Amino acid sequence: MSKVKDMSLAKEGIRKIEWVQRHMPVLEHIKKEYEETQPFKGITIGSCLHLEPKTINLGLTLQAGGAEVAMTGCNPLSTHDDAVAGAADLGLNIYGWRDQDDEEYYQTINMVLDHKPDVIIDDGADMIMVLHNERTDVLKHIKGACEETTTGVHRLEAMHKDGALKFPVVAVNDAYTKYLFDNRYGTGQSSFDAIMGTTNMLIAGKSVVVCGYGWCGRGIALRAQGLGANVIVTEIDPIRALEARMDGYRVMKIRDAVKEADLIITVTGNINIIHGDDFKYMKDGCMLCNSGHFNVEINRRDLEAQSTSVREVRESIEMFTMKDGRKIYLLADGRLVNLSAARGQGHPAEIMDMSFAVQALSAKYILNNDLEVGVTKAPDDIDYEVANLKLKAMDIEIDTLSDRQKEYMCSWKEGT
Ligand SMILES: NC(=O)c1ccc[n+]([C@@H]2O[C@H](COP(=O)([O-])OP(=O)(O)OC[C@H]3O[C@@H](n4cnc5c(N)ncnc54)[C@H](O)[C@@H]3O)[C@@H](O)[C@H]2O)c1
Ligand SMILES: N[C@@H](CCSC[C@H]1O[C@@H](n2cnc3c(=O)[nH]cnc32)[C@H](O)[C@@H]1O)C(=O)O
């Protein structure tokens, strides 16, 4: 069963799915193995992930392993209508279309839950919240869930601390082969891909403010610097602030940074990073976007309250005219610019290859192990399997420890 916008887009969707398949060798390897071993026979897997070709390829991998797969999106703006039409044509149960309102967004989450999944793959934890708050009828079927992103893991850890979480969750985000590559290089590249595609503006010579110097912030700052920007970082963690300084960036408080900014990219996972009087200090023409979480990092309501008019001046760019005449531009409604902008393609296929390989292996791990309720990291075995498969696909060989080296690493008696 499916609910998509336009099935006539299926052919183009399938073309795009086939393209990413050629660039996701680790997931393709797992797909072949799953075709033989059928780890998901009789199992239903429900996902709430950005609906675009790479995610469809994860769905096809789970389906190849015997699962009934039901998918919806984790962001009202990130769905690619051609890819979901292609997925429906390929036999996945898929519910979603680009530009949903809140009601439609939660309706389609509920349509996936109607399949009574055994395993959930979530991104941001919205599906898991619906399960616990409204769809407790489905809870008894759930053996466990995988969570894709940093803020989702934080939400679920907070939920467990409050004693509210009802099943085990594997924090896929916390696998090395996920956050070191996806959050850093994926977000770094895909954010600029979307910002430049949306604005057609030059980055070189601009003052780019990166709010948050976590894994995503590091990647964005690195790419901004590579494109010739003057990079400013804001942080609340003294160690990360120091790291940003020694990586070569200027570090300052947000109130000082906004005065210099040509482009601000929030990537903290936190609320109200740009809000209130921050907008008063911005230069005419300042551009704002978010690559972090949902639409809470830039306070749109505060921006609206200080403006006299708002209009879309180019696809995914709104221009706010401020009371003093300055123009401030907001990209993609303050939602993840790399996925929500009309030109947003998400992370490169080679990156999602690893993230979704961890997902596919973690879903099997949940079924094969009697995990306790709580949030656990994906096991190291999965990380090493994914890293080894990726190196192999990239035709890279590495060294192994000799017996003498192993012995030396475990001993304490030998000195200079
Ligand atoms: N756009 C994407 O495709 C994408 C990819 C991966 C993760 N994410 C999301 O991006 C966000 C960041 O993820 P991460 O893995 O980098 O997390 P992280 O925890 O490594 O980094 C977040 C950083 O923000 C800082 N921070 C928090 N509040 C702040 C504030 N008020 N001002 C300045 N800095 C502040 C923290 O100190 C931390 O260093 C999360 O919401 C995550 O879910 C998005
Ligand atoms: N659902 C929330 C939470 C953040 S999504 C961030 C996650 O998106 C994932 N992601 C980034 N690019 C892609 C992509 O192209 N396809 C599918 N997922 C992606 C990435 O792994 C990251 O952890 C929101 O929309 O605001």
Give the number of residues within region 7-51 that are within 16 Å of ligand 1 (Cβ to nearest atom) and assigned to a loop (DSSP other than H, G, I, E, B).
3
Region 31-84, subset within 11 Å of ligand 2 (Cβ to nearest atom) and of a type in the set (Val, Ile, Thr), residue farthest from Arg15 (Cα to Cα)
Thr79
Kindly indicate which of Leu165, Leu180 is among the hydrophobic types (A, V, I, L, M, F, W, C) and not in a helix (DSSP H, G or I).
Leu165
What residue, among those in region 342-357 that are under 19 Å from Ala171 (Cβ atoms) and within 11 Å of ligand 2 (Cβ to nearest atom), is surrounded by the fewest Cβ atoms within 10 Å (Cβ to Cβ)?
Ile351
Scan region 76-91 residue by residue and report those that are assigned to a loop (DSSP other than H, G, I, E, B), surrounded by 24 or more Cβ atoms within 10 Å (Cβ to Cβ) and in contact (Cβ under 8 Å) with a residue 60 or more places away in the chain.
Ser78, His80
Is one or more of the residues making up region 304-317 surrounded by fewer than 22 Cβ atoms within 10 Å (Cβ to Cβ) and on the phi > 0 side of the Ramachandran plot?
no
In this structure, does Leu331 turn out to be more than 12 Å from ligand 2 (Cβ to nearest atom), of a type in the set (A, V, I, L, M), crowded, with 22+ Cβ neighbours inside 10 Å and in the same structural domain as Glu260 (by TED's automatic domain parsing)?
yes
Qualifying residue in region 106-116 (condition: closer than 24 Å to Gly344 by Cα, within 15 Å of ligand 2 (Cβ to nearest atom), under 20 Å from the mean Cα position of the chain (by Cα) and aromatic (Phe, Trp, Tyr))
yes
Take region 156-189 and flag every residue that is out of contact with any Gly (no Cβ under 6 Å at 6 or more places or on another chain), crowded, with 22+ Cβ neighbours inside 10 Å and touching a residue at least 60 places away in the same chain (Cβ under 8 Å).
Leu156, Val169, Val170, Ala171, Val172, Ala175, Thr177, Lys178, Phe181, Asp182, Gly186
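The values are calculated or read from the model by the stated rules, or taken from the named source; none is laboratory data. Just so we're clear, the structure is a prediction, and the values are computed from it rather than from any experiment. Cβ atoms come from the backbone with ideal geometry, glycine included; neighbour counts cover every protein chain shown.
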